[in-house]
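Engineer: Please read through the structure below; I'll follow up with questions.
Read-outs throughout are calculated quantities, based only on the coordinates presented, and are distinct from any laboratory measurement. Small disclaimer: the values here were computed from a predicted structure and weren't measured.
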Amino acid sequence: MDSNAQLALMTKAKLVFESPPDTFLMFPALTPISYPPDQLNLPAIAGNSGQSQVLQEFSRLANTIPRGILFGTGDSDLLWDVYGNVLGVFDGGGDAVELAQASQTPGQNADLQQAEAYLYTQTTDGQRTASPAYVAYGQCQAAWTQATQSYTNAQIAASLSTDPAVKAQWQNTDGPKLRALVQAALDNWINNGNKEAVEQALQVVAASSTRLSPQIVWDGWKTSFQPGLDMLTDPNTNATYALTAFSPSNAASQTDWPTFTLSAQEIGQLVSQAPKELANIFGTAAGASGVSSLSFEFYQVVLNRSWFKPELFAARFWRFADPSVELSDGGNPAQGTLPAYISGLVFIRNIVVTPAAAAGTPAAGDATPTRLQSLPPISQFVDVHPFLFRPSPPVASPVLQPPADRIQSPIARIQPFVAAPPPAPPPSPKPSIAADAPVFRPPPLPRIQPALLSRIQAISFAATPAPQAPQTAAPATQQPDAGMISILAFICQRVPKSPNPDLTLAWEAGQPPT
């Protein structure tokens, strides 16, 4: 690996996985984060006698407050600190909050109850879980998301190629096939995933948040985050954390991960068109990359927090008693105590780097592919300057844009789920294993409590596999093995201006909610 290959990889990842202006990527490029596959089966390890710290460390990583494009350059506060302070659920309360008065009619209340009954079911222990209709929605949405990412990844590679054969292959064969898979996934989402009905119910719930009794809504949010239940304690360090998991929860064991490939030509194109927020980190590298090709398998997951209700940020029926207190000013980049939060991850595995042939050697094809346990830290290539610890300013200059017909990623939030395992592909040759780059490996701790196991299982359900993409001339991928799974990027959701009270509502100032 070299700086050009890293820069090209991060640039393409932004094109494939970001949905501007709502989301952006944050890369753990200073210290790579990797896990053995068995440690990413969070529901399973919750009942394991020796791996409770995996949950703690993962939860703390996933709740870091994004402050820029590089992970590990933010402040020490975590999402549950800021969120709990707004709700006032911790000892000592939080910043005083004022709520508007209720304005919802009896008919609107009935609509809300019907919508919530369609979306959720109550378990015998009082927890609210996704209904079968909402489960199917999440399953079909996940399959559509993976199909769109496979399409976008291949489309970008074809658009950057100068080889007429590659462009013809995309135009006449791969493009139509991949787009047909996207359409098939969308049709399945509509016909079998209750897409229209679920989204209508979600709209009713969202609209009701500004009309229903704000006190009732606020109390419901507080009930969902009870520190005595949701804040867990590491028995060795006494560190506390709020459980965070992801879906599909068995992503690490799946065999249908799409392949992400960068050719030498694509690396050069992406480097020349990298956005300034990335180019400023790496500087200007002279000459071509020393990498002939880079490939790995990827899988996007959605973070799930049973204690967290992000609709609080957009709700317009509350405000701080002190108007100078602000979570986010809604800018880009946003300023405030909570400008964004991590909503998903992009995992990668089977990282294979093929170096370019040295001058005078017979052919580039003679170079030996090397498998890496994780991507190397960027400190191997560039100096980490203090400016990296601050959010990037708005960039006015043009940056690389995806093709005009790019299929946008979904925005709707879904419940956690478990992917159904597809048939295993036949094994293929494996390249040599390189010396490991520094990786983050959470050590084990004592047995986790049964109550936590119950909470993890309550927020997990199954999903259908994504449609399969057509085979192309990309380098062969490897059968998943016991190698490490790394986090390529954190998908970060921007927080809108919050609070943003609707001044047309009737307000009662003076007392925070109870």
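Engineer: Largest first, please: the extent of the C-alpha atoms of the range 151-215 along each principal axis, to the nearest Å.
Structural biologist: Principal-axis extents of the Cα atoms in the range 151-215, largest first: 62, 25, 10 Å.
Engineer: So, one more: Would you work out if the range 110-176 is rounded, prolate or oblate? Take a ≥ b ≥ c from the square roots of the eigenvalues of the alpha-carbon gyration tensor; rounded if a/c is under 1.5, else prolate when a/b is larger than b/c, oblate otherwise. Walk me through the numbers on the way to the answer.
Structural biologist: Working: a/c = 5.34, a/b = 4.18, b/c = 1.28.
Cα axes put the range 110-176 in the prolate bin.
Engineer: Per 0.36 nm of contour for each residue apart, how much would the distance between ALA165 and GLU199 grow if the chain were fully extended, relative to their Cα-Cα spacing?
Structural biologist: Details: separation 34, 0.36 × 34 = 12.24 nm, distance 4.21 nm.
Full extension of this stretch gives 8.0 nm more.
Engineer: Excluding same-chain residues fewer than 8 positions from LYS14, which lysines have a Cα within less than 29 Å of its Cα?
Structural biologist: List returned: LYS167, LYS177, LYS195, LYS276, LYS309, LYS430, LYS497.
Engineer: Taking Cα pairs under 8 Å and at least six residues apart, what relative contact order does the range 83-164 come out at, in percent? Intermediate results must be reported in sequence, preceding the final value.
Structural biologist: Values: 30 pairs, mean separation 9.7, N = 82.
Relative contact order of the range 83-164: 12 percent.
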